[in-house]
1. With +1 on each Lys and Arg Cβ and -1 on each Asp and Glu Cβ, how big is the dipole of the chain about its Cα centre, in debye rounded to the nearest 20?
2. Along the Cα→Cβ direction, 7 angstrom out, place labels at ARG120 and GLU65. What is the inter-label distance in nm?
3. Which helices, taking whole DSSP H runs in the chain, have alpha carbons extending 15 angstrom or more along the helix axis plus mean Kyte-Doolittle at least -0.5?
4. Given R₀ = 22 Å, what would the calculated FRET efficiency be for ASP57 paired with ARG20, taking r from the Cβ atoms and rounding to 0.05?
5. So what is the 222 nm mean residue ellipticity for the chain from helices alone, if each DSSP H run of at least 4 adds -39500 (n - 2.57) and you divide by all residues, rounding to the nearest 500 deg cm²/dmol?
6. Across the range 4-132, how large is the tail of the calculated P(r) beyond 25 Å, expressed as a percent of all Cα pairs?
7. Work from the charge dipole of the chain (Cβ charges, +1 for Lys and Arg, -1 for Asp and Glu, about the Cα centre) and give the residue of VAL42, THR126, ALA68 farthest towards its positive end.
8. Over the chain, what relative contact order in percent results from Cα pairs under 8 Å that are six or more residues apart?
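Where a number appears in this text, it was derived from the coordinates with a stated rule and is not lab data. This structure is a prediction, so every number in the text was calculated from the model and none was measured. No Cβ is skipped: glycine too gets one built from the backbone with ideal geometry, and neighbour counts run over all protein chains shown.
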Amino acid sequence: MSLNYLADTHILIWAINQPRRVSREVSAILHDDLAVIYYSPVSLWEIAIKHGLGKLDLLGHSPEEFLAELENSFFVYKPLDPQTLISSYRLAPHHRDPFDRMLFWEAIRNDLVLLSAGARSKNYTTNGLRVVH
């Protein structure tokens with residue numbers, strides 16, 4: 001039985017630009033032909049903002065070039081629906097990063113397993129977040 005996943009921003013960047021940085025567990029899922037792995041517009045927004053501020057190096061690529069690579073990969077775009085956006089206030093305020101919080105809520109609300117490189121997600125397992133690091 002295949003599971004549906006949501007890749008966080010780090011996983012997207014590493015899978016495209018630096019696959020050796022991805023954990024073995026996440027790498028196995030990325031190579032599983034039965035897995036459906038989504039990416040969120042939240043990650044695109046985070047990439048654009050952080051790149052524009054000079055806080056994110058895409059190894060010499062622009063965000064538009066990164067998106068082109070992403071669109072030609074196995075990742076599947078998952079639009080945000082209005083109900084997910086408006087109900088995001090329900091997520092406990094364990095930390096304030098709006099990108100992480102929205103990705104966590106998107107995974108919970110859409111019954112997706114989050115593929116994550118960050119430890120912050122552990123605080124949200126009590127809210128129903130399932131995560132693979």
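1. The calculated dipole for the chain is roughly 580 debye.
2. 2.8 nm
3. 41-52, 98-109
4. Once the sixth-power term is evaluated, E becomes 0.85.
5. Rounded to the nearest 500, the figure is -11500 deg cm²/dmol.
6. The share of Cα pairs beyond 25 Å in the range 4-132 comes to 20 percent.
7. Ranked along the dipole, the leading option is THR126.
8. RCO, the chain: 33 percent.
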